[in-house]
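A.B. asks: Got a structure for you, questions after.
The values are calculated or read from the model by the stated rules, or taken from the named source; none is laboratory data. Just so it is clear, the structure is predicted and the values come from calculations on it, not from any experiment. FYI the Cβ positions are ideal-geometry reconstructions off the backbone, even for glycines, and counts take in every protein chain you see. Quick note on the areas: whole protein, heavy atoms, side chains included, nothing else; ligands and nucleic acids left out. Shrake-Rupley method; radii C 1.70, N 1.55, O 1.52, S 1.80 Å.
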Amino acid sequence: MMGLMAEETRTVPHRPDTETPVPTAAPAPPAWAVRLVVVGIVLAAVNLRPAITSLGALLEEVRDGLGMSGGVAGLLTSVPPLCFAVFGATAPRLARRFGPGAVVCAGMTAITAGLLIRPYIGSTAGFLAASALALMGIAVSNVLMPVIVKRWFPDRVGSMTGLYSMALALGTSAAAAVTVPLTGALGGRWQSGLAVWAILAAVAVLPWLPLVRERVPAPVPVPGAEAAPRLRIARSRTAWALAVFFGLQATAAYITMGWMPQIFRDAGVPAGTAGVLLAVTMVMGVPLAFVIPRLATRLPHQGPIVLVLGACGLAGYAGLYLAPAAGAWLWAVLLGVANCAFPLALTMVGMRARTGPGVAQLSAFAQSTGYLISIPGPLLVGVLYQRTGGWGVPIALMAALMLPQMAVGFLAGRDRIVEDEAGR
């Protein structure tokens, strides 16, 4: 891990004709704070998906226990992007007022409380509300991770993005793989299998407590250098391309996390194996989430990576349609590669803005708008599954959505800076 601290990667394209005067170097933050931020980033990232993938592994049991229909279960799988869109938009404002460290600390606390409460609340409405509390904490942390990386590690955006993307994938896959066997070990009650993940979230609160008031020292002003104005981010075509790309990859990811185990179970795959297949899909992000951001920061155009990931997704959906059980492990691997569009999108957020405030605005805009776009997808899949009684039409929809994802991702990968577009 400490080897990452010394590594230099390119964060944004060099544009000497358009860059504003650069402030002198800021005083270095304390070494203990830097190390604690690395630990905090890793632990926070590990907790950004178990609330979702643990539920996906036990969705059938939760549906039976709470009396949910297929449509309501589809609504449940749409709650994560809805919360991410609504609460993620508030993250920059909260960070300006309280500091990013304090907001992430509060986010980890909200995740802990939501995961602990929701299995035992006893009603569908209460389950949704407690899930929303946990997802609120995930939403603000989602938005602020690129901001924290840009502020604390401005010359190592690729490496640090890869590190926390890898940790995120590890937490995602672990929750998918062990929730079912862990539930059996805890007495077979789905409530215990979901609540146990609150322990991991509670651990993630600890490294952020000393950082609640710790801030990166402000750079010394340079005479003639102007403060960066607030961007009119909606005027940037690159910001919109990145937001739509983020939304479509999130649609694919949450359909996968919410419904893929059920697709395999309906094809005759045992419940435990279906959970492991989801874990395989998620664990593909562990090595690739470290490699892809580093590769992306070295390329002037990230479009070719977008196309390769999209092609893997199309192949995986074709396999799910034609032979879901026979080639289950291969389809899980291919869809896992396609899901690495997420760390690529996060890396492009850091590359498409020149300044820390620009990254904060772009991250909030791309993630909030993107997650808003992704809301109908999982719900529509649930409705189509219930209406048609099979997975042919829902899988066809998933494959169709991959085509515009590849197109807008290619546009978002162009060598552009949002300050140059939104500041005009």
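A.B. asks: What are the residues in segment 337-361 that are in a helix (DSSP H, G or I) and touching a Ser or Thr at 6+ places or on another chain (Cβ under 8 Å), if any?
C.D. replies: Result: Phe342, Pro343, Leu346, Thr347, Val349, Gly350, Met351.
A.B. asks: Further, regarding this structure: Output the residues belonging to segment 59-115 that are at pLDDT 80 or above, open to solvent by 20 Å² or more (accessible area, probe 1.4 Å) and in contact with a Leu (Cβ under 7 Å, 6 or more places away or on another chain).
C.D. replies: Correct list: Ala113 only.
A.B. asks: Identify the single condition in (1) modelled with pLDDT of 80 or more; (2) open to solvent by 10 Å² or more (accessible area, probe 1.4 Å); (3) under 17 Å from Val349 (Cβ atoms) that Leu186 does not satisfy, given that it satisfies every other one.
C.D. replies: Failing condition for Leu186: (3).
A.B. asks: Please verify whether Gly382 is over 29 Å from Gln361 (Cβ atoms), in contact with a Ser or Thr (Cβ under 7 Å, 6 or more places away or on another chain) and either open to solvent by less than 50 Å² (accessible area, probe 1.4 Å) or of a type outside the set (Phe, Trp, Tyr) (or both), treating the condition exactly as stated.
C.D. replies: Here the answer is yes, as Gly382 does meet what is asked.
A.B. asks: On to the next question. Please give the number of the condition Leu334 fails out of (1) among the hydrophobic types (A, V, I, L, M, F, W, C); (2) in contact (Cβ under 8 Å) with a residue 40 or more places away in the chain; (3) open to solvent by 10 Å² or more (accessible area, probe 1.4 Å).
C.D. replies: Just one mismatch for Leu334, condition (2).
A.B. asks: Is at least one residue of segment 303-319 open to solvent by less than 60 Å² (accessible area, probe 1.4 Å) and assigned to a loop (DSSP other than H, G, I, E, B)?
C.D. replies: No, there is no match, as no residue in segment 303-319 is open to solvent by less than 60 Å² (accessible area, probe 1.4 Å) and assigned to a loop (DSSP other than H, G, I, E, B).
A.B. asks: Another question about this same structure. Looking at Pro300 and the list (1) closer than 25 Å to Leu168 by Cα; (2) outside any helix (DSSP H, G or I); (3) open to solvent by 10 Å² or more (accessible area, probe 1.4 Å), which single condition is not satisfied?
C.D. replies: That leaves (1) as the condition not met.
A.B. asks: Here's another thing I want to ask about it. So which of Arg118, Arg151 is crowded, with 21+ Cβ neighbours inside 10 Å, part of a helix (DSSP H, G or I) and of a type outside the set (S, T, N, Q)?
C.D. replies: Exactly one residue qualifies, and that residue is Arg118.
A.B. asks: To continue, here is another question. Going by the structure shown, is Ala326 over 30 Å from Glu419 (Cα atoms) and either of a type in the set (Asp, Glu) or outside any helix (DSSP H, G or I) (or both)?
C.D. replies: yes
A.B. asks: Sticking with this structure for a sec: Please specify each residue of segment 346-368 satisfying the condition of being open to solvent by 30 Å² or more (accessible area, probe 1.4 Å) and among the charged types (D, E, K, R).
C.D. replies: If the condition is that a residue be open to solvent by 30 Å² or more (accessible area, probe 1.4 Å) and among the charged types (D, E, K, R), then Arg354 is the only one that fits.
A.B. asks: Tell me which residues, restricted to segment 368-421, are aromatic (Phe, Trp, Tyr), in a helix (DSSP H, G or I) and touching a Pro at 6+ places or on another chain (Cβ under 8 Å).
C.D. replies: Tyr371, Tyr385
A.B. asks: Also: Kindly indicate whether any position in segment 294-316 is in contact (Cβ under 8 Å) with a residue 60 or more places away in the chain and touching a Phe, Trp or Tyr at 6+ places or on another chain (Cβ under 6 Å).
C.D. replies: yes
A.B. asks: Could you check Pro343 against (1) more than 22 Å from Ile138 (Cα to Cα); (2) open to solvent by less than 40 Å² (accessible area, probe 1.4 Å) and say which number it fails?
C.D. replies: (1) is the only condition that Pro343 fails.
A.B. asks: Give the residue that is surrounded by the fewest Cβ atoms within 10 Å (Cβ to Cβ), with candidates limited to residues of segment 238-275 that are touching a residue at least 40 places away in the same chain (Cβ under 8 Å) and not in a helix (DSSP H, G or I).
C.D. replies: Within segment 238-275, the match that is surrounded by the fewest Cβ atoms within 10 Å (Cβ to Cβ) is Gly268.
A.B. asks: If you scan segment 167-179, which residues turn out to be under 15 Å from Leu277 (Cβ atoms) and either surrounded by fewer than 24 Cβ atoms within 10 Å (Cβ to Cβ) or polar (S, T, N, Q) (or both)?
C.D. replies: Thr172, Ser173, Ala174, Ala177, Val178, Thr179
A.B. asks: I'd like to check something: does segment 276-293 contain any residue that is without any contact (Cβ under 8 Å) to a residue 12 or more places away in the chain and either more than 18 Å from Leu330 (Cα to Cα) or surrounded by fewer than 22 Cβ atoms within 10 Å (Cβ to Cβ) (or both)?
C.D. replies: No, because not a single residue in segment 276-293 is without any contact (Cβ under 8 Å) to a residue 12 or more places away in the chain and either more than 18 Å from Leu330 (Cα to Cα) or surrounded by fewer than 22 Cβ atoms within 10 Å (Cβ to Cβ) (or both).
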